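Here is the structure we will look at.
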Amino acid sequence: MASLFDAFSAAPGEKAAADQVAAIQQGKGDINKTFGQGRGALTTDYAAALDPFTRNYAATGAGQTAYGNAMGANGPEGNAAALAAFLNNPGYQFQLGQGMDAVLANAARMGQLNSGNTDIDLTKFAQGLAGTSWDNYVKNLQPYLGAAGNAASGIAGVNTGLGNAMNANYTGQGQALYGADTSIGKAQAAGDMAGYNASANAIGAGLGIASDAAKIAGGR
């Protein structure tokens with residue numbers, strides 16, 4: 001409970017300022033905790049969003065390499081790898097086997113199984129199939145490029161979103177802490193002024209008493 005003498009003491013003002021500073025300091029701790037939890041949630045959520053794009057991008061790597069090999073972009077070793085991949089392709093091997101069997105069966109029906117014409121027919125079929133199948137092989141690799149581009153765009157988008165969200169989080173935390181520090185400064189200033197105000201009150205009271213005494217003395 002305030003008393004008359006509180007006007008001449010800095011203690012109440014200094015205590016009020018100290019209590020206010022303590023409360024604001026606790027609030028700063030809560031601010032740091034809350035914004036830290038927000039960053040943790042952002043990191044977790046964006047990591048979950050990034051995962052499928054990352055896995056898709058990794059899955060397209062082999063297709064991109066195979067396409068580069070087929071286009072001659074990876075040098076002699078790439079060319080050799082492209083040829084081996086093409087020749088060992090199950091679809092090509094199946095068509096080649098079926099076609100060769102058909103040519104041989106036809107030659108057998110005509111009694112020309114061991115003739116030079118059969119060899120020519122086999123060669124023509126194999127060459128024609130290789131040309132057509134190679135074009136299809138390259139076309140089938142092209143979608144990997146688009147898939148890789150989409151995955152890369154997704155990765156960039158998620159990382160950009162995370163960066164923006166983190167920036168907003170840190171900005172919000174900084175603004176909140178700035179406001180808290182400003183309030184602390186005001187409270188501390190009010191506490192410092194408490195002593196000055198108490199002294200001013202005491203001086204004012206003393207001057208008032210002296211004035212009253214002078215008036216009394218002059219009225220005798």
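FYI, it's all coordinate maths here, none of it is from the lab. All values reported here derive from a predicted model rather than from experimental measurement. In this analysis, Cβ positions are derived from the backbone assuming ideal geometry, glycine residues included, and neighbour counts consider all displayed protein chains.
Along the Cα→Cβ direction, 7 angstrom out, place labels at Ile120 and Asn169. What is the inter-label distance in nm?
7.6
Please give the FRET efficiency for Leu42 paired with Asn150, using the beta carbon to beta carbon distance and R0 = 30 Å, rounded to the nearest 0.05.
In this case the efficiency is close to 0.80.
State the extension gain, in nm to one decimal, for the chain segment bounded by Thr54 and Ala80, taking 0.36 nm per residue of separation less the distance between their alpha-carbons.
6.4 nm
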